């Protein structure tokens, strides 16, 4: 009788425990303690000795055993030997890669491919031998003292283990192969965007008729989708003249419009043309159809009115200056912000010291954006913004509290003492000092933080610290830092947020500051977005409510509408007389610059509405307010914790469900067979 069988019969234990302990020691040495060579050698040596000893015990002559017992021992011996060889292969691949053609001088991709092949080889060998061995041993254990074990039961258990191993290997190899093959399949939801109310309002406001010509084959799935959109948009609007033509059947139309391809929408006003390329194949046209409303509105704005210029301040580490690859990948860029402005027919230009920010804001500026500067603006730049505001300019200010200097205050540079200083420079420094002096508690000549200086131009300041809320916030990192990622749906009825207020939509702000009026009696400042209940100012940066911090209601955004008088030194709150030519300063102040970053605009569509409606209000086009229709798939952002959960669900959860169903069906079939 084999030694393993004798041990099992006498002591109710076979070589399997020693075998498993040896495998665990080898695994621990190779994977867990590989960075400690001495401990690795000791563990691998002990584990290898245990595996080798248990294998030899299984392979010893069987003697005069009953025939079923002999066959069972033979199966277990071969399975044990197979597992030992797989473990040995794993150790050799790790320590002697040259034996397997894995040379250090090979290209990285070739070397990685060979390592992958050999790793798959030893893992496959381990799975198809160890799991059947464990199943067979589990079936044999209740029969350890029986004079003649049931060979059929042990064999069925081993086959079940082999089947489970092959299923697991198939899934693993399928996933591995899928990760190496660059083939993508689109299972996304598809639907053509509808004509939004915003686009319809723009179309109804047209002064001159616009001809919309769609060139598509007579039989085309894409044509049907485009026709639904254009017919809905033009219904009841005679100034939008929609036509459909087949370019090949009506060559005269194609020649007139200088059209050379099908699948296009051409907007025509006089000699001006704008072309939207859609395509004729549904598969290729899906991306455009999902965003057809956005694309059509963009071209409609271009042809309906002249382009306007939007200036973005630069030179102070603003959000729009983050153009490196890392910033783009992390969502800190403003590419979506730029595209949204382009849909409203804005030409975007930088505004730095060399473009006039240090002297005078260009006369063609329709809107000037200052997006969360991290470095202070110079007094000359503050003066230029102040003069732009006083002559009725339009400002979009994102006073991000993250950009507040740690020192809290800084001294203004001394004024130039040279005799040839120009009057303009002297007035600039004087203006900057006056702005700083309006901030409570800061004497003239000493400025507060740069955010306060910028906000004081339009009568708004930022409270120290970031707003936080441990009850209503956006979860990303799943720790306390999420408390500053605010969400709110509390808006006034002001035109700059009318769409959000009407739809009860929520916007997201990452690290917003609380806004206040410089002059509490200034009725030209209207707060249009308010924090959710339970918000507090995190003054010490620990994200918790402690110390002197208390909950309250805070302002997140403000709209400033102030009548001004050209060539007049009138005070901001004084209305112009009937004989004076009046104008209006408009400013939109936001307590957070990240609210218009790519990361937030991608995942929070309501923030796009906030940006667009604010800009439309700034330039006097609040009648165009409204969402742009889009059927584009919302980007799904994964956190590390969510990825771990999905990994375990896919790898272990799905096979467990299949295994459970198999066991239930097997038991049911056995019970039915027993009754029969």
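The values are calculated or read from the model by the stated rules, or taken from the named source; none is laboratory data. Everything numeric here is computed off the predicted structure, so don't read it as measured data. In this analysis, Cβ positions are derived from the backbone assuming ideal geometry, glycine residues included, and neighbour counts consider all displayed protein chains.
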Which residues, taken from region 291-300, are touching a strand residue (DSSP E or B) at 6+ places or on another chain (Cβ under 9 Å) and either more than 14 Å from residue 624 (Cα to Cα) or not assigned by TED's automatic domain parsing to the domain that holds residue 242 (or both)?
292, 295, 296, 299
The conditions are (1) within 46 Å of the chain's Cα centre (by Cα); (2) assigned to a helix (DSSP H, G or I); (3) modelled with pLDDT of 75 or more, and residue 112 fails exactly one of them. Which is it?
(3)
Just checking, how many residues over region 209-237 are closer than 19 Å to residue 257 by Cβ and assigned to a helix (DSSP H, G or I)?
6
Among residues belonging to region 133-165 that are at pLDDT 80 or above, more than 15 Å from residue 71 (Cα to Cα) and in contact with a helix residue (DSSP H, G or I) (Cβ under 7 Å, 6 or more places away or on another chain), point out the one that is surrounded by the fewest Cβ atoms within 10 Å (Cβ to Cβ).
138
Among the numbered criteria (1) exposed (fewer than 13 other Cβ atoms within 10 Å of the Cβ); (2) closer than 17 Å to residue 297 by Cβ, which single criterion is violated by residue 238?
(2)
Within region 638-649, is there a residue that is more than 18 Å from the chain's Cα centre (by Cα) and modelled with pLDDT of 80 or more?
no
Pair list, Cβ < 9 Å and 6+ apart or interchain, from region 32-52 residues that are within 21 Å of residue 16 (Cβ to Cβ) to residues that are assigned to a loop (DSSP other than H, G, I, E, B):
43/33
Any idea how many residues of region 382-396 are crowded, with 23+ Cβ neighbours inside 10 Å and in a helix (DSSP H, G or I)?
6
Among the residues of region 275-324, the number that are part of a helix (DSSP H, G or I) and over 18 Å from residue 340 (Cβ atoms) is 8
Residues of region 265-280 being in contact with a helix residue (DSSP H, G or I) (Cβ under 9 Å, 6 or more places away or on another chain) and over 18 Å from residue 244 (Cβ atoms), in sequence order, are 269, 272
